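Input: a single structure, listed below in structure tokens.
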Amino acid sequence: MTGMDIFTNFADLEQKKRNIAILGSTGSIGTQALEVISEQSEILAVSVLTANSNSQLLIEQAKKYQPNTVVIADESKFQEVRDALWDDDIKVFAGIDALSEVVELDEIDFVLTALVGYAGLKPTINAIKAKKQIALANKETLVVAGALITKLAEQNAVNIYPVDSEHSAIFQCLVGEFHNPIEKIYLTASGGPFRGFTKDRLLNVTPTQALKHPNWDMGAKITIDSASLMNKGLEVIEAKWLFGLKAEQIEVVVHPQSIIHSIVQFEDGSMKAQMGLPDMKLPIQYALCYPKRVKNEFKRFNFLDYPELTFESADTETFRNLELAYDALHREGNAACILNAANEVVVDAFLKEKVKFMEMPELIEKSLDKIPFIAEPTYDDYVQTDNETRSLIKELI
Ligand code: NDP
């Protein structure tokens, strides 16, 4: 069975509403997912909401959407959330372990992994083991442990539906084509706020500048990743695991208007692209409602607003992160786990103005060279690699 055959065997969930657990409901993807569920309340329902520390928004969401359970990872906020929801008959848990365990609840059909970073790994593993369908926004999980996650998904007959707009685009192009081999895919990239900048111009760019994405309104970490092209690098690795591709079959093309979300080229040379306005609610809805296309009120695309769709190559000489990601993909083993951990620490440090924009790839490259390589990592190896890399980068900073 190929990685994609599985999507043709989707269990028939259509007789009942799909109960969704949103991990990271207070973030950019999480809040948009709640809008989608609200609009599609005939077929989707909220079962679980989780946040890291934004207790106020979590409480507000819980009161509005009435989930069965909420989890706040930050234990110091437990009392506040429990007191606020006391009269609402909503179970409240706190802590990182609760976050991983809540996904196992019987009533959950789908787990939307909309939390950011490595923290998504454990809950995603548990959700797959509990045979929940996964709508995956948290790309870091596949970057860190793609081999482990895809194997577990296959063993448990769990589908992983991409939420990332590029991967959703590829997936949408593949529906009806699962048995036709892919020659290559083109992942489109907006180029971010610093497209066209020289190395000199990048030397002193600030977090405020980097946080101004031209087309997408996203959480801070992914916005910095977009500015540094690491996001595209992580997406290349994500695509490898989702669609069972080799690095050579994945090409990045800069498309500043973000209208064509990605392209599949088949073995006869035919290319299929998926396009639309940049709005994450569409890929979120597609993942949660698959295989149905459900009517919605999202704004429609108008060709006359976009008389030109343009394409250019990525400047990997200036933005080295994309090459580092390809390098990690070629190295295999725990290399992408090192890349991800190093990136999470340097992005956090950049946001706190402790490292400069151009220092980020340098530090990531050092960690790829220094952290011991493991060819076939186990879950514990990933945990250790993540820890060691974070300590190393903190020392280097
Ligand atoms: P945000 O920063 O906006 O939201 C992150 C969410 O995760 C929040 O609910 C946050 O809680 C929670 N969270 C953060 N850290 C932890 C932690 N350590 N433990 C538990 N929960 C945590 O991120 P985004 O919504 O932008 O991104 C989420 C994921 O989706 C990322 O992997 C990103 O790459 C991916 N993605 C995002 C897109 C977008 O448009 N935003 C597009 C494509 C992919 P709190 O609010 O309490 O801090």
Check segment 111-129 and report whether any residue there is in contact (Cβ under 8 Å) with a residue 24 or more places away in the chain, open to solvent by 30 Å² or more (accessible area, probe 1.4 Å) and more than 13 Å from the ligand (Cβ to nearest atom). yes
Of the residues that make up segment 230-245, is at least one open to solvent by 40 Å² or more (accessible area, probe 1.4 Å), on the phi > 0 side of the Ramachandran plot and either out of contact with any Gly (no Cβ under 7 Å at 6 or more places or on another chain) or not acidic (Asp, Glu) (or both)? yes
For the subset of segment 49-71 comprising residues that are β-branched (Val, Ile, Thr) and either more than 19 Å from the chain's Cα centre (by Cα) or surrounded by fewer than 19 Cβ atoms within 10 Å (Cβ to Cβ) (or both), which member is nearest to residue 93 (Cα to Cα)? 71
Among the residues of segment 123-142, what is the count of those that are more than 12 Å from residue 23 (Cα to Cα) and not acidic (Asp, Glu)? 11
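Can you tell me which residues in segment 193-207 are loosely packed, with under 14 Cβ neighbours inside 10 Å and in a helix (DSSP H, G or I)?
199, 200, 201
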Could we say that residue 182 is buried (at least 24 other Cβ atoms within 10 Å of the Cβ), of a type in the set (A, V, I, L, M, F, W, C) and touching a residue at least 60 places away in the same chain (Cβ under 8 Å) here? no
Pick out, from segment 270-355, the helices (runs of 4 or more DSSP H) lying fully within it that include 2 or more residues that are of a type outside the set (A, V, I, L, M, F, W, C), more than 24 Å from residue 195 (Cβ to Cβ) and open to solvent by 10 Å² or more (accessible area, probe 1.4 Å). 281-289, 321-331
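If you take just the helices (runs of 4 or more DSSP H) that sit entirely in segment 18-89, which of them hold at least 1 residues that are away from the ligand (no atom under 13 Å from the Cβ) and more than 22 Å from residue 293 (Cβ to Cβ)?
Answer list for segment 18-89: 55-65, 78-84.
Conditions (1) out of contact with any Asp or Glu (no Cβ under 8 Å at 6 or more places or on another chain); (2) farther than 22 Å from residue 231 by Cα, marked per residue:
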residue: 173; (1), (2): yes, no
residue: 178; (1), (2): no, yes
residue: 185; (1), (2): no, no
residue: 202; (1), (2): yes, no
residue: 207; (1), (2): no, no
Looking only at segment 132-159, which residues are of a type in the set (D, E, K, R) and within 21 Å of residue 285 (Cβ to Cβ)? 132, 139
Residue pairs qualifying under the 7 Å Cβ cut-off, at least six apart or on distinct chains, with the first in segment 315-327 being over 16 Å from residue 373 (Cα atoms) and the second being at pLDDT below 95 and open to solvent by less than 60 Å² (accessible area, probe 1.4 Å), are none
When you go through 163, 175 one by one, which is the residue that is more than 9 Å from the ligand (Cβ to nearest atom), modelled with pLDDT of 95 or more and not charged (D, E, K, R)? 175
Number of the exception - residue 101 against (1) open to solvent by 20 Å² or more (accessible area, probe 1.4 Å); (2) within 16 Å of the ligand (Cβ to nearest atom); (3) over 29 Å from residue 41 (Cα atoms): (3)
Given the options 210, 220, 189, name the one that is within 16 Å of the ligand (Cβ to nearest atom), at pLDDT 95 or above and open to solvent by 30 Å² or more (accessible area, probe 1.4 Å). 220
Does segment 26-48 contain at least one residue that is open to solvent by 10 Å² or more (accessible area, probe 1.4 Å), touching a residue at least 12 places away in the same chain (Cβ under 8 Å) and in contact with a Pro (Cβ under 8 Å, 6 or more places away or on another chain)? yes
In segment 252-269, the residues that are buried (at least 16 other Cβ atoms within 10 Å of the Cβ) and either among the charged types (D, E, K, R) or assigned to a loop (DSSP other than H, G, I, E, B) (or both): 255, 256, 257, 258, 259
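The values are calculated or read from the model by the stated rules, or taken from the named source; none is laboratory data. A quick note: this is a predicted structure, and the numbers were derived from the prediction, not measured. Virtual Cβ from ideal backbone geometry, glycine too; neighbours counted across all protein chains shown. Just the protein is used for accessible areas: all its heavy atoms, side chains included, with ligands, DNA and RNA removed. Shrake-Rupley method; radii C 1.70, N 1.55, O 1.52, S 1.80 Å.
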